[in-house]
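Encoded as structure tokens, the structure appears first; notes follow it.
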Amino acid sequence: GAGVSQSPSNKVTEKGKDVELRCDPISGHTALYWYRQSLGQGLEFLIYFQGNSAPDKSGLPSDRFSAERTGGSVSTLTIQRTQQEDSAVYLCASSLGRDQPQHFGDGTRLSIL
Amino acid sequence: TQLLEQSPQFLSIQEGENLTVYCNSSSVFSSLQWYRQEPGEGPVLLVTVVTGGEVKKLKRLTFQFGDARKDSSLHITAAQPGDTGLYLCAGTSNTGKLIFGQGTTLQVKP
């Protein structure tokens, strides 16, 4: 497709389980960002990739959160030992470069029971 | 820490009315974006402003970037029910990440 694709669109899991969220950026976009959107918190930055490296991971809330990007394309955000406070919509965005307009996917709605 | 204060958080108006949403910060941003988000979808970019004092128009929407590049406003003229949604301002930090305001939920009643 032409836009940023995220999967799954919805994920419900039990507290303590690990989850993986996937992002397929727009072809040719070298920059990739993960954000989290929760009620009362707005949109928060998590991590930024330029190519396969992550020069800014300052927004990851704890060491339970990690992300990787392979082949300068697909990225995976992993949350280990999920907690109820991890429930949120996780959004991925990509852009042609660091200071270029960011285009968002529709997000993964994560619910922790 | 760079922060963006967006106001108002909620706005409910009648069709045909005008409105203004404000986005303020004590920090300077290299650029500022306005997004609109519908339920169940990701934010969609409306405009990017880069130059202090810049004004951009998109049909009935007028966007302004403050002279000092610390604040911005979105003005909608003659609002329509189709304008209903969540409006987000976001400043670009020096690392390229976006710093978002809390958002303004706009409801336009017919």
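Only strands (runs of 3 or more DSSP E) wholly contained in the range B:19-105 count here; list those with 3 or more residues that are at the interface with chain A (Cβ under 8 Å from one of its Cβ atoms).
Per the criteria, B:44-49, B:85-92, B:98-100.
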What is the one condition in (1) at the interface with chain B (Cβ under 10 Å from one of its Cβ atoms); (2) in a loop (DSSP other than H, G, I, E, B); (3) out of contact with any strand residue (DSSP E or B) (no Cβ under 6 Å at 6 or more places or on another chain); (4) of a type outside the set (D, E, K, R) that A:SER62 does not satisfy? (1)
Might you check whether a residue that is at pLDDT 95 or above, among the polar types (S, T, N, Q) and more than 26 Å from A:ALA88 (Cβ to Cβ) occurs anywhere in the range B:75-82? yes
Against the condition under 13 Å from the mean Cα position of the chain (by Cα), closer than 16 Å to A:PHE104 by Cα and either of a type in the set (Lys, Arg) or surrounded by fewer than 15 Cβ atoms within 10 Å (Cβ to Cβ) (or both), how does A:VAL89 come out, does it pass? no
Please list, ordered by first then second residue, the pairs with beta carbon atoms under 7 Å, 6 or more apart or interchain, first in the range A:98-113 and without any contact (Cβ under 8 Å) to a residue 40 or more places away in the chain and over 18 Å from A:SER87 (Cα atoms), second surrounded by 22 or more Cβ atoms within 10 Å (Cβ to Cβ) and among the β-branched types (Val, Ile, Thr). A:ASP99/B:THR92
Take the conditions under 15 Å from the mean Cα position of the chain (by Cα), at pLDDT 95 or above and either under 30 Å from A:SER7 (Cβ atoms) or surrounded by 21 or more Cβ atoms within 10 Å (Cβ to Cβ) (or both) and apply them to B:THR104. Does it pass? yes
Which condition number in (1) within 13 Å of another protein chain (Cβ to nearest Cβ); (2) assigned to a loop (DSSP other than H, G, I, E, B) is the one that A:CYS92 fails? (2)
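The values are calculated or read from the model by the stated rules, or taken from the named source; none is laboratory data. Treat the numbers as computed from the prediction; the structure is a model and nothing was measured. Quick reminder, even Gly has a Cβ in these numbers, built from the backbone with ideal geometry, and neighbours come from all protein chains shown.
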